[in-house]
Amino acid sequence: MGIRKAITTNSYMGIRQITVRARPGVPTQGLMNVSGVVFPCALGRVGITAFKREGDGGTPLARMRLLEGYVRDGRFPYRSQLPLARIGPKLGWCEVPSDRNYNRPVRMPYAASHERMLRDDHLYDACIVLDWNIRPRVRGKGSAIFFHLARPGYEPTAGCVAVTAQVMRRLLPKLSRHTVLTVVR
């Protein structure tokens, strides 16, 4: 399936459903189906897991709504139906299950262990927060499960779903809070 094939959407709602499954024979890579158009994507270093835990490297087997996103100034457009915020040098994401801000954005410097969102490798130049373990938050069930940009060759993520910048640029204007990303087997 080529990148030029049309993605059908409701013009008001945008893309409603994205389905991701593991690529046959390569559990750390996936195939993302968006309205019949299939794109390659990267998955977690242990593939898809039904029992997601903090730090296990698995992509959750789940149905996850897209909540909001972050984009980097000058590297990615702000066009989307999703609420988007600028990624700045003080934005982090807490990954310590015992911390009161576990699986939430934090302002750096931050005392507990956290992920820096303004990354040198540009993986979060466009980063969409998925509603994995957001409400309710369960300590140790996994944090920072995002839909973001992939490394070259679709190298594994820490549990996220990742696509090329070209695919993200194509999808981002059509994503909304009505979009659901479903990881299946």
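Name every residue in the range 10-36 that is at pLDDT below 95 and surrounded by 18 or more Cβ atoms within 10 Å (Cβ to Cβ), in order of residue number. Scanning the range 10-36 gives a single hit, GLY14.
In the range 86-101, how many residues are in contact with a strand residue (DSSP E or B) (Cβ under 8 Å, 6 or more places away or on another chain) and farther than 28 Å from ARG75 by Cα?
Let us first name the residues in the range 86-101 that are in contact with a strand residue (DSSP E or B) (Cβ under 8 Å, 6 or more places away or on another chain), namely 86-87, 90-96, 101.
Then drop every residue that is not farther than 28 Å from ARG75 by Cα, which leaves 96, 101.
Total meeting the criteria: 2.
LEU67 meets the conditions (1) under 21 Å from ARG137 (Cα atoms); (2) in contact with a Lys or Arg (Cβ under 8 Å, 6 or more places away or on another chain); (3) among the aliphatic types (A, V, I, L, M); (4) without any contact (Cβ under 8 Å) to a residue 24 or more places away in the chain in every case but one. The failed one is (4). The set of residues in the range 155-173 being under 15 Å from THR19 (Cβ atoms) and either part of a loop (DSSP other than H, G, I, E, B) or not β-branched (Val, Ile, Thr) (or both) consists of LEU171 alone.
Counting the residues of the range 83-125 that are over 22 Å from ARG135 (Cα atoms) and hydroxyl-bearing (Ser, Thr, Tyr) gives 2.
When the range 77-95 is limited to residues that are out of contact with any Leu (no Cβ under 8 Å at 6 or more places or on another chain) and buried (at least 18 other Cβ atoms within 10 Å of the Cβ), the one that is nearest to GLY142 (Cα to Cα) turns out to be GLU95.
Do we find that ILE7 is at pLDDT below 95 and in contact with a strand residue (DSSP E or B) (Cβ under 7 Å, 6 or more places away or on another chain) in this structure? Here the answer is yes, as ILE7 does meet what is asked.
Yes or no, residue by residue, for (1) more than 17 Å from ILE15 (Cβ to Cβ); (2) at pLDDT below 95; (3) assigned to a loop (DSSP other than H, G, I, E, B):
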| site | (1), (2), (3) |
| --- | --- |
| VAL38 | no, no, no |
| LEU67 | no, no, no |
| ARG79 | no, yes, yes |
| TYR110 | yes, no, yes |
| LEU123 | yes, no, yes |
| ARG139 | yes, no, yes |
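For VAL46, are the conditions met, namely being touching a helix residue (DSSP H, G or I) at 6+ places or on another chain (Cβ under 9 Å) and at pLDDT 95 or above? No, not satisfied. Looking across the range 37-60, the residues that are hydrophobic (A, V, I, L, M, F, W, C), over 27 Å from PRO89 (Cβ atoms) and surrounded by 18 or more Cβ atoms within 10 Å (Cβ to Cβ) come down to VAL37, PHE39, CYS41, LEU43, ILE48.
The values are calculated or read from the model by the stated rules, or taken from the named source; none is laboratory data. Small disclaimer: the values here were computed from a predicted structure and weren't measured. Don't worry about glycine lacking a Cβ; one is built from the backbone with ideal geometry, like all the others, and counts go over all protein chains shown.
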